[in-house]
Amino acid sequence: MNRAAAWWALARPKGTFWVGTLPLLGYGFAHWNYGLQARVPEYALLAVVLWWMLSAGALWLNAALDQDEDETLFGRSVTVPDGSATAGLGLLAVTCGISSVLGPIPFLCMSGCAALAVVYSHPALAWKGHPLGGPFVNAMGYGILSPAAGYSLVGVPVDVRAAGTVGVLVALVMGMYFAAQAFQGPADAARGYRTLVATHGAHGALSAARWAFAIAGGQVAIWTLVGGYPRSCVLALPLWFSVDRWLVEWSGRAGGGSEADARVLVRRVMLAGFTLIGACFGQYVWNVAHGEAPAGLGTAWVPR
């Protein structure tokens, strides 16, 4: 495989696609939260492309650190080319530079994500293998900074509902983070990492994932109960139970299962997430079509 093809494979295009949608999630939430028509859609599209580039650069750094040719989530076995770390740093630098077009807040969010990618995978720091550093990088980068960049493009304040929804996103990211490492215990232990799967095995990692997803689903239920989310969001709650049942089944597999088990989890989480998003926007469209108030949208939300 030539170098370009190897870097494309190491970018994990199937998984990186979803990373690119994180700013779009914040962008869409801001519009829904305030009942707005689309603002600066061209900036939202650029943000998606830039976050895809960010993810590719981060994964090249990660590959250079691990020199991993085993199975990875949304990836395949590839010999890591020489110069992958330099290429990753270069792509991160270019991406940060271009992100300045989007404004100061997206630029700061992008720069923060790039810095987190470096501390996560630089051999001198390698927060990837740290019991607290790894979770912090993923929660901050995927759960906070990336959606915040998209939200900021809309130019609306952060209200109570927006701030509270960050908790849902962080819990989801943590659930995926712990589950994705479940089948990589031997490799992490061999590298001397102190990830949860290396110290507590696949069962420990999957138990942590169950707690994280339960916290995410619990927050959705509470927000729905107090009126922060439309009542139609209850349709998504049974799907969170489906996620938990799969994690229980996965826990029973020898050796922490495989990448295929992680893919099943991703599909179930995505189904729950899209159902939740669809319920929110569906309720909004229904209210507007029937001349009703758009479920508390248009002003900063407060409990009622």
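Values as computed for the structure displayed
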read-out	value
Qualifying residue in segment 188-196 (condition: within 16 Å of the chain's Cα centre (by Cα) and farther than 12 Å from residue 250 by Cβ)	no
Evaluation of residue 216 against (1) among the small types (Gly, Ala, Ser); (2) surrounded by 16 or more Cβ atoms within 10 Å (Cβ to Cβ); (3) over 15 Å from the mean Cα position of the chain (by Cα) (one fails), failing number	(3)
Subset of segment 83-102 (residues that are free of Cβ contacts under 8 Å to residues at least 60 places away in the same chain and either not small (Gly, Ala, Ser) or not in a helix (DSSP H, G or I) (or both))	86, 89, 91, 92, 94, 95, 96, 98, 101, 102
Filtered residues of segment 177-194 (kept if surrounded by fewer than 22 Cβ atoms within 10 Å (Cβ to Cβ) and farther than 16 Å from residue 121 by Cα)	180, 186, 189, 190
Count of residues meeting criterion [in contact with a helix residue (DSSP H, G or I) (Cβ under 6 Å, 6 or more places away or on another chain) and open to solvent by 40 Å² or more (accessible area, probe 1.4 Å)] in segment 195-208	2
Failed item, numbered, when residue 211 is tested on (1) part of a helix (DSSP H, G or I); (2) of a type in the set (Phe, Trp, Tyr); (3) open to solvent by less than 40 Å² (accessible area, probe 1.4 Å)	(3)
Residue within segment 35-50 that is open to solvent by 40 Å² or more (accessible area, probe 1.4 Å), touching a Lys or Arg at 6+ places or on another chain (Cβ under 9 Å) and on the phi > 0 side of the Ramachandran plot present	no
Of all residues making up segment 121-132, the number that are open to solvent by less than 40 Å² (accessible area, probe 1.4 Å) and either within 29 Å of residue 280 (Cβ to Cβ) or in a helix (DSSP H, G or I) (or both)	3
Identity of the residue in segment 133-159, in contact (Cβ under 8 Å) with a residue 40 or more places away in the chain and touching a Gly at 6+ places or on another chain (Cβ under 8 Å), that ends up surrounded by the fewest Cβ atoms within 10 Å (Cβ to Cβ)	148
Candidate set from segment 57-67 (those that are without any contact (Cβ under 8 Å) to a residue 60 or more places away in the chain and surrounded by 22 or more Cβ atoms within 10 Å (Cβ to Cβ)); member that is farthest from the chain's Cα centre (by Cα)	64
Residue count, segment 254-281 (criterion: open to solvent by less than 60 Å² (accessible area, probe 1.4 Å), in a helix (DSSP H, G or I) and among the small types (Gly, Ala, Ser))	7
Wholly within segment 1-56, helices (runs of 4 or more DSSP H) carrying at least 1 residues that are without any contact (Cβ under 8 Å) to a residue 60 or more places away in the chain and farther than 22 Å from residue 177 by Cβ	3-10
Members of segment 252-276 that are over 11 Å from residue 183 (Cβ atoms), touching a helix residue (DSSP H, G or I) at 6+ places or on another chain (Cβ under 9 Å) and among the basic types (Lys, Arg)	268
Subset tally (residues that are among the hydrophobic types (A, V, I, L, M, F, W, C), closer than 24 Å to residue 162 by Cα, buried (at least 19 other Cβ atoms within 10 Å of the Cβ) and more than 20 Å from the chain's Cα centre (by Cα)) for segment 220-253	2
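The values are calculated or read from the model by the stated rules, or taken from the named source; none is laboratory data. Not measured: the values here are computed from a predicted model. In this analysis, Cβ positions are derived from the backbone assuming ideal geometry, glycine residues included, and neighbour counts consider all displayed protein chains. Just the protein is used for accessible areas: all its heavy atoms, side chains included, with ligands, DNA and RNA removed. Shrake-Rupley method; radii C 1.70, N 1.55, O 1.52, S 1.80 Å.
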